[in-house]
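A quick write-up on the structure given underneath.
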Ligand SMILES: CC(C)(COP(=O)(O)OP(=O)(O)OC[C@H]1O[C@@H](n2cnc3c(N)ncnc32)[C@H](O)[C@@H]1OP(=O)(O)O)[C@@H](O)C(=O)NCCC(=O)NCCS
């Protein structure tokens, strides 16, 4: 059996702004079923930005394997034994974009607007910078207002728009927005943000 993936500074016990207690930690092989349940509980529109079919057991097996191989980093937020949010960092191990990481964050609809998405994105940015990544990107569809707002608040700037690049679940072509940030800007923005958004420890 593989050793669990340990990430410095985790698990973290946090209280969201409505009092919900969550544990943020690295994903483990034993989370497979909970992860599947989480992704299956999201609406189809919330999953359409993901390039894998995250409702399939084959996906979760491959995903957990990639985490164990350190090819991706995944943080889960757990509440009362259930996964209520997940954030993934994708990297290219070699080549000219090896300094770039891509982030993806999803939270359970019942737990939105409580600061969870921001917490997960913030923690993953911290992990990414700790791994030495210099630039982070996030891909969002133009109408994903929550995602655009969440990452803008973390200092991400919209850098490119690929027109008609994605088709939504109704077959309508939409623009894909790529937002990015470099590490130095991220820390400036996050320091400023901590003042008005602070989930408490414990
Ligand atoms: C994007 C997402 C992760 C945000 O999660 P969350 O748990 O609601 O995040 P937060 O509570 O930290 O909210 C972040 C901010 O987004 C903005 N926001 C959230 N929902 C919004 C909505 N429906 N419309 C406009 N802005 C919204 C708000 O400014 C909010 O902060 P506030 O509540 O302090 O005003 C979540 O909506 C989600 O999983 N969406 C589907 C997947 C997705 O789009 N992922 C992003 C692509 S990587």
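Could you grab the relative contact order for the chain? Cα pairs under 8 Å, six or more apart, rounded to a whole percent.
Computed over the chain, the figure is 19 percent.
Take the alpha carbon atoms of segment 114-168, find their center, do the same for segment 37-52, and report the distance between the two centers in whole angstrom.
Between the Cα centres of segment 114-168 and segment 37-52 lies a distance of 17 Å.
Only counting other Cβ atoms within 10 Å, I'd like 97, 15 sorted with the fewest neighbours first.
Fewest-to-most ranking of 97, 15: 97, 15.
How far is it, in nm, from the label point at residue 13 to the one at residue 158 when both lie 7 Å from their Cα along the line to the Cβ?
4.1
How would you order 118-130, 138-150, 66-78, 162-174 from highest to lowest mean count of nearby Cβ atoms within 10 Å?
Output ranking for 118-130, 138-150, 66-78, 162-174: 118-130, 66-78, 138-150, 162-174.
How do 39, 90 rank when sorted from fewest to most other Cβ atoms within 10 Å of their own Cβ? Numbers along the way, then the final one.
On the way: 39 23, 90 16.
Least crowded to most crowded, the residues run 90, 39.
For segment 12-201, compute Rh as the Kirkwood radius over C-alpha pairs and then the Stokes-Einstein diffusion coefficient at 10 °C and 1.306 mPa s; write the answer in µm²/s, rounded to an integer. Intermediate values should be presented prior to the final figure.
Values: Rh = 17.0 Å.
The diffusion coefficient I find is 93 µm²/s.
For segment 1-107, what's the relative contact order in percent, using C-alpha pairs closer than 8 Å and at least 6 residues apart?
For segment 1-107, the relative contact order is 23 percent.
Take residue 99 and residue 37, extend 7 Å from each Cα along the Cα→Cβ direction, and tell me the distance between the two endpoints in nm.
Placing both labels 7 Å along Cα→Cβ, they lie 4.3 nm apart.
For a quick check: sort 91, 65 by the number of other beta carbons within 10 angstrom, fewest at the front.
Ordered from fewest to most neighbouring Cβ atoms within 10 Å, 91, 65 come out as 65, 91.
Where a number appears in this text, it was derived from the coordinates with a stated rule and is not lab data. If you're wondering where the values come from, they're calculated on a predicted model, not measured in any experiment. Here Cβ is always computed from backbone atoms with ideal geometry, including for glycine, and neighbour counts include all displayed protein chains.
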